[in-house]
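Data block below; observations after.
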Amino acid sequence: MLRAILSFIFSIASFVLRVISWVLPVYFIAKLVLPQNKYVMLAGKYMEWLMAPIRDILGRLFPRLAARGLDLSPIALWILVLLAQWCLQLLKAIFL
């Protein structure tokens with residue numbers, strides 16, 4: 001029973017991380033090409049919510065880049081999602 005619940009939780013978390021890892025680059029490119037598209041703005045509502053804390057941290061760590069308007073938060077979020085996927089697979093191998 002516990003094994004089935006853990007497997008379900010790992011599957012849901014893995015699916016969410018996989019969706020984020022695919023939507024993030026598509027959103028980033030679409031935002032550059034079609035910034036006023038309603039679907040890009042809808043995806044931006046969720047992606048910006050994820051990138052805002054990372055943007056704040058990077059702005060404090062690298063103030064010169066923030067002052068020049070260089071936003072590295074999509075790249076940092078993508079790397080964090082990849083690390084989270086790796087950790088999730090590792091935990092799944094340990095617990096299941």
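The values are calculated or read from the model by the stated rules, or taken from the named source; none is laboratory data. As the structure is a computational prediction, the values presented were derived from the model and not from experiment. Glycine also receives a Cβ, built like all others from the backbone with ideal geometry; neighbour counts cover every protein chain displayed.
So the values come out like this:
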{"quantity": "Selected residue [under 30 Å from Met1 (Cα atoms) and surrounded by 13 or more Cβ atoms within 10 Å (Cβ to Cβ)] from Leu88, Leu77", "calculated": "Leu88"}
{"quantity": "Some residue of the range 76-84 being modelled with pLDDT of 90 or more and more than 11 Å from the chain's Cα centre (by Cα)", "calculated": "no"}
